[in-house]
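First the structure, in the form of structure tokens, and then the observations on it.
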Amino acid sequence: MELNNNKATLTLEDGVSIVVVSYNGAERLIPTLKHLANQESIGFCVEVILVDNCSTDNTREIAKSFWHELGIPFPLRIVQETQAGTMFARKKGIEVSSYRYLLYCDDDNWLCKHYLSTAYNIISKDPNIAALGGCGYMQYEHNFMPPNWIKDYEKNYGTGPQGREDGDTTFSKGCLYTAGTILDKAWLDKLYAKGFASALEGRIGDTLIAGEDTELTYALKLIGGKLYYSSKMTFQHFMPKKRITWGYLKRLWFSFGYSNYIISPYNEFYQKRKQLNKVHYLIKRIKEIVKLSLIITKHQLSEGQKPVLERRWKLGEIKAMIYSSKKYQKVQKTIQKLQIDS
């Protein structure tokens, strides 16, 4: 297989490997697997790879048993990744996959019936598409009434449109969330061959520091891959009520700020901005935090108010700058590697 822009010829078997990463997902997996089993209009090879990422429950047994109850619609393989972190688990999925296209389906993603066929039909027709994302919708627990403020922040939970219209979003949005995203392994192979190494491990256990999906799609974009979006690829993202709290959202925004600082060299590169002096950066963020704190105090802002979250974001950036400067530098070095012959 030869990519249009002078890529090396690669032989990859046609089909889709669905990679489901799970940490203690025994309860979440059943509806997810049921939706995978209900996929329609499949005229290509499919396999499901469940990557158990250090679970301490019976995730493996539940998945295997329920898949048999469903009649084994596709081959299911269960593998273990002993290094905690979503990125490590997803990379394990890449390593053991049989087919050219990889679809990342989180253990709480319920794909619509034509998700897989739509994704395959789009990405298989254009070898320049490195990653194709869909549109997630919040699926709350039965009989749970979410707070009114959640409507303004649903996109923070890996849901919502990923473009103003269907098609190429490489330079309009510039990144994708990997829940429900299908990727071309030819581009992933090229990316890792050029020395890509993620600075972000993804969520480990119950921690919320993520951003590895944004980092991955930024990197694919840098080596010339296109990022696409299709509103026809819809899925429900199951949300337990324990995640729909103001405290959880504040933790989430802190993690956004933390990971955003680490991968900010990508934006500096794309926007041709000079790297801020570390001291100047710190002073700037402290001033912004003081200003936000005064606003919050003056107007007695609390639950649902964005300045409260913005302050958490900036605190996350400061913590990353102090404790994760090596990861920031790792991203800078990775960008230099990826630029060679791209």
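So here's what we get for this one:
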read-out: Residue in segment 85-94 that is within 24 Å of M138 (Cβ to Cβ) and modelled with pLDDT of 95 or more present; value: no
read-out: Counted residues, segment 31-62 - those being hydrophobic (A, V, I, L, M, F, W, C) and farther than 20 Å from F235 by Cα; value: 5
read-out: Boolean, K291 is within 21 Å of the chain's Cα centre (by Cα) and not assigned by TED's automatic domain parsing to the domain that holds F171; value: no
read-out: Selection count where residues are buried (at least 17 other Cβ atoms within 10 Å of the Cβ), at negative phi, in contact with a Gly (Cβ under 9 Å, 6 or more places away or on another chain) and of a type outside the set (A, V, I, L, M), scope segment 16-54; value: 6
read-out: Unique match (being within 15 Å of T234 (Cβ to Cβ), buried (at least 19 other Cβ atoms within 10 Å of the Cβ) and of a type in the set (G, A, S)) among A179, A186; value: A179
read-out: Residue that is surrounded by the fewest Cβ atoms within 10 Å (Cβ to Cβ), among those in segment 70-100 that are within 15 Å of the chain's Cα centre (by Cα), on the phi < 0 side of the Ramachandran plot and of a type in the set (G, A, S); value: G93
read-out: Close pairs (7 angstrom Cβ cut-off, 6 or more residues apart or separate chains): more than 17 Å from Y229 (Cβ to Cβ) in segment 106-121, among the hydroxyl-bearing types (S, T, Y) and not in a loop (DSSP other than H, G, I, E, B) anywhere; value: D107/S22; D107/T32; D108/T32; W110/T32
read-out: Residue in segment 86-104 that is among the aromatic types (F, W, Y), more than 15 Å from G180 (Cα to Cα), in contact with a strand residue (DSSP E or B) (Cβ under 6 Å, 6 or more places away or on another chain) and not in a helix (DSSP H, G or I) present; value: yes
read-out: Failed condition for V51, given (1) under 24 Å from S117 (Cβ atoms); (2) modelled with pLDDT under 95; value: (2)
read-out: Helices (runs of 4 or more DSSP H) enclosed by segment 259-326 - at least 1 residues per element that are closer than 19 Å to G211 by Cα, of a type outside the set (A, V, I, L, M, F, W, C) and in contact with a helix residue (DSSP H, G or I) (Cβ under 9 Å, 6 or more places away or on another chain); value: 264-270, 306-323
read-out: Looking only at segment 223-247, and only at residues there that are in a helix (DSSP H, G or I) and in contact (Cβ under 8 Å) with a residue 24 or more places away in the chain, the one that is farthest from I30 (Cα to Cα); value: W246
read-out: The listed residue being in a strand (DSSP E or B) and either in contact with a helix residue (DSSP H, G or I) (Cβ under 6 Å, 6 or more places away or on another chain) or at pLDDT below 95 (or both), out of I78, I62, I18, I30; value: I78
read-out: Boolean, V279 is surrounded by 14 or more Cβ atoms within 10 Å (Cβ to Cβ), more than 21 Å from the chain's Cα centre (by Cα) and more than 30 Å from D166 (Cβ to Cβ); value: no
read-out: When residues of segment 171-186 are limited to those that are touching a Phe, Trp or Tyr at 6+ places or on another chain (Cβ under 8 Å) and polar (S, T, N, Q), the one nearest to L116 (Cα to Cα); value: T181
read-out: Within segment 208-222, tally of residues that are free of Cβ contacts under 8 Å to residues at least 60 places away in the same chain, surrounded by fewer than 22 Cβ atoms within 10 Å (Cβ to Cβ) and closer than 25 Å to A186 by Cβ; value: 1
read-out: Residue satisfying all of: in segment 54-85; out of contact with any strand residue (DSSP E or B) (no Cβ under 6 Å at 6 or more places or on another chain) and among the polar types (S, T, N, Q); farthest from D206 (Cα to Cα) among these; value: S65
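Yes/no matrix, rows are residues, columns are (1) hydroxyl-bearing (S, T, Y); (2) outside the structural domain of G304 (by TED's automatic domain parsing); (3) in a strand (DSSP E or B); (4) touching a residue at least 40 places away in the same chain (Cβ under 8 Å):
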{"position": "D126", "(1), (2), (3), (4)": "no, yes, no, yes"}
{"position": "A130", "(1), (2), (3), (4)": "no, yes, yes, yes"}
{"position": "G134", "(1), (2), (3), (4)": "no, yes, yes, yes"}
{"position": "N143", "(1), (2), (3), (4)": "no, yes, no, no"}
{"position": "N156", "(1), (2), (3), (4)": "no, yes, no, yes"}
{"position": "Q162", "(1), (2), (3), (4)": "no, yes, no, yes"}
{"position": "K173", "(1), (2), (3), (4)": "no, yes, no, yes"}
{"position": "L176", "(1), (2), (3), (4)": "no, yes, no, yes"}
{"position": "G180", "(1), (2), (3), (4)": "no, yes, no, yes"}
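The values are calculated or read from the model by the stated rules, or taken from the named source; none is laboratory data. In this text the structure is predicted, and so the values were computed from the model without any measurement. Don't worry about glycine lacking a Cβ; one is built from the backbone with ideal geometry, like all the others, and counts go over all protein chains shown.
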